[in-house]
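Contents: one structure, followed by commentary.
The values are calculated or read from the model by the stated rules, or taken from the named source; none is laboratory data. The shown structure was predicted, so the numbers you read here are calculated from the model rather than taken from an experiment. Every residue, glycine as well, gets a Cβ built from its backbone with ideal geometry; the counts of neighbours run over all protein chains shown.
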Amino acid sequence: MRKIPVGLVILTFFLGFLTSCQQATVQGEEEQEQNKTGFPQLPSDDPRIHVVSKIAEYKNYQYAIHYPKIEAEIWNKEMKTWVKKKVQEFEDEVTTLSTPDQRWPYELHIDFEIFDLTDEIISVKFNESKFLGGAHTEERTFTYNFDRKDGKFIELAHLFKERSNYLKLLSDLAYEKLMDIPEMQELVWDEHFQAGIDPVENNFESFALNKGKLLIFFQRYQVGPNSIGSPMIEFTAEELQAMLKSGQLDIFEQPDAGEGKETLEQLVPEDKPALDPNKKHVALTFDDGPHNSVTPQILDLLAKHDAHATFFVLGNRVEFHPELLVRIMKEGHEIGNHSWSHPQLTNLSEAEVKAQISKTNDEIEKIIGEKAKFIRPPYGAVNEMTRQYIDFPIINWTVDPKDWKSRDSEAVFLEVKKQVFDGAIILMHDIYPSTADALANVLVWLDEEGYQVVTVSDLLETDDKHSLEAGKVYSSQSN
Ligand code: ZN
């Protein structure tokens, strides 16, 4: 995020900060897309936040959508409905388009940033980007604010006194604040700009609460040309005082949580067996996690077979699962970087690609004391350009049992059996219970067939002890 000197306006908003309250214990949860009974319910007294990631990859289109799931069913239901609607809209849109003639499919990507997160409130902004061919990406932001005490969504109007002309106040203040951006000054008489801050509800519908302040997000092109980006402006309770319901922003004020994170104990990985030259080798890799219940199940199975694997994690889930990252490392497995929020990197700018990688690595390093050594690009998608932006070896795969699609443990097991070979890298996902079920059989069978299950590092660095090259793609031992 880049701050304008006045500190009020933030122009670039692709990733932003996730200012989540570190005191909350949070875990991940996956929606079972093809499970008609819906995804498992949390006990209603569970105060934790879980992250739901809905990821799919079809021939013509693909999507990755993430949202926080909380203790309130009314929130979860709204999120689920909204995400379903987003996918439906996107699928409808895609059917009106011709088969993508470029190399990459159409894409929908929605990630979230949490602003306030207290016992009283959760304030979330969603960043949507849609790639529908050409060089053009559509971007939009959406916000949801929820009162956890009353179990109700917060509308902007709720913050203000009844019958007060708060929209006029916001509009006037927005004008002043936007004028602090030098590039905005020449747009003052532009109709676009005027229309974008007119005192109508629509213009201010994207808002969040953050430490006693009201934030308004403008859409791209709402108040100016593309170069202006999606500006955000902040209002203090003082500025809105005249029209604010008494104490309305103050009640959401939270003391600075500070660095509430516990210091994690020194990480000493367990010993693992040396590579057995008389055996065949495979590397199992697990993407899109960590997940609060599936990842531990997978770790238990791996331990039972003295097998070691590589987990390509998503940054936006990592921060909710520090304990799982620690366990992965302690048990002799390896952590790889699968980006922050699973966008197709080839649709991003250099800065965005680098941010997806470094933000995730920073999060990993905070927890385990070191960065991931490898990158697995979402959807396995790389081109010449992105390879140059990625300063790490790129690990793809040679065996893909499509576990995310079938969600059928028997089918996954049979596919692995059919495709596996000495030196293969196998792709699976540690966010689906059916994958953990399949793994039980896969590991028994690999043992019987004389395979040693090893980490990517062990598989790729055994033969000639070469170190892997940054920006080069590896998908098996021989490559
Ligand atoms: Zn993935």
* Of all residues in region 379-388 being away from the ligand (no atom under 16 Å from the Cβ) and in contact (Cβ under 8 Å) with a residue 40 or more places away in the chain, the one that is surrounded by the most Cβ atoms within 10 Å (Cβ to Cβ) -> ARG387
* When residues of region 330-352 are limited to those that are within 16 Å of the ligand (Cβ to nearest atom) and among the polar types (S, T, N, Q), the one nearest to ASN383 (Cα to Cα) -> THR346
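Taking region 173-188 on its own, how many of its residues are in a helix (DSSP H, G or I) and closer than 15 Å to GLN222 by Cβ? First the steps, then the outcome.
Keep residues of region 173-188 that are in a helix (DSSP H, G or I), which gives 173-179, 182-185.
With the extra rule that they be closer than 15 Å to GLN222 by Cβ, the set shrinks to 174-175, 177-178, 183-184.
Here the count works out to 6.
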* Which condition number in (1) farther than 20 Å from PHE286 by Cβ; (2) away from the ligand (no atom under 16 Å from the Cβ) is the one that PHE421 fails? -> (1)
* Asked: Quick one: which of ARG327, ARG317, ARG376 is of a type outside the set (Val, Ile, Thr), under 30 Å from PRO100 (Cβ atoms) and either touching a Phe, Trp or Tyr at 6+ places or on another chain (Cβ under 8 Å) or away from the ligand (no atom under 16 Å from the Cβ) (or both)?
  -> ARG376
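Yes/no per residue for (1) closer than 26 Å to LYS54 by Cα; (2) of a type in the set (A, V, I, L, M, F, W, C); (3) touching a Leu at 6+ places or on another chain (Cβ under 9 Å):
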{"position": "LEU348", "(1), (2), (3)": "yes, yes, no"}
{"position": "LYS359", "(1), (2), (3)": "yes, no, yes"}
{"position": "GLY380", "(1), (2), (3)": "yes, no, yes"}
{"position": "PHE392", "(1), (2), (3)": "no, yes, yes"}
{"position": "ILE395", "(1), (2), (3)": "yes, yes, yes"}
{"position": "PRO401", "(1), (2), (3)": "yes, no, yes"}
{"position": "LYS405", "(1), (2), (3)": "yes, no, no"}
{"position": "LEU414", "(1), (2), (3)": "yes, yes, no"}
{"position": "TRP445", "(1), (2), (3)": "no, yes, no"}
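Say we look at region 203-226 and pick out the residues that are farther than 21 Å from PHE153 by Cα and out of contact with any Pro (no Cβ under 7 Å at 6 or more places or on another chain); which of these is surrounded by the most Cβ atoms within 10 Å (Cβ to Cβ)?
GLY224
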* Asked: Which is at negative phi and either modelled with pLDDT under 95 or small (Gly, Ala, Ser) (or both), of GLN88, GLN102, GLN62?
  -> GLN102
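Condition check ((1) surrounded by fewer than 19 Cβ atoms within 10 Å (Cβ to Cβ); (2) closer than 21 Å to GLN62 by Cα; (3) under 14 Å from the mean Cα position of the chain (by Cα)) across all residues:
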residue	(1), (2), (3)
TRP340	no, yes, yes
THR346	no, yes, no
GLN356	no, yes, yes
ASP362	yes, no, no
GLY369	yes, no, no
ARG376	no, yes, no
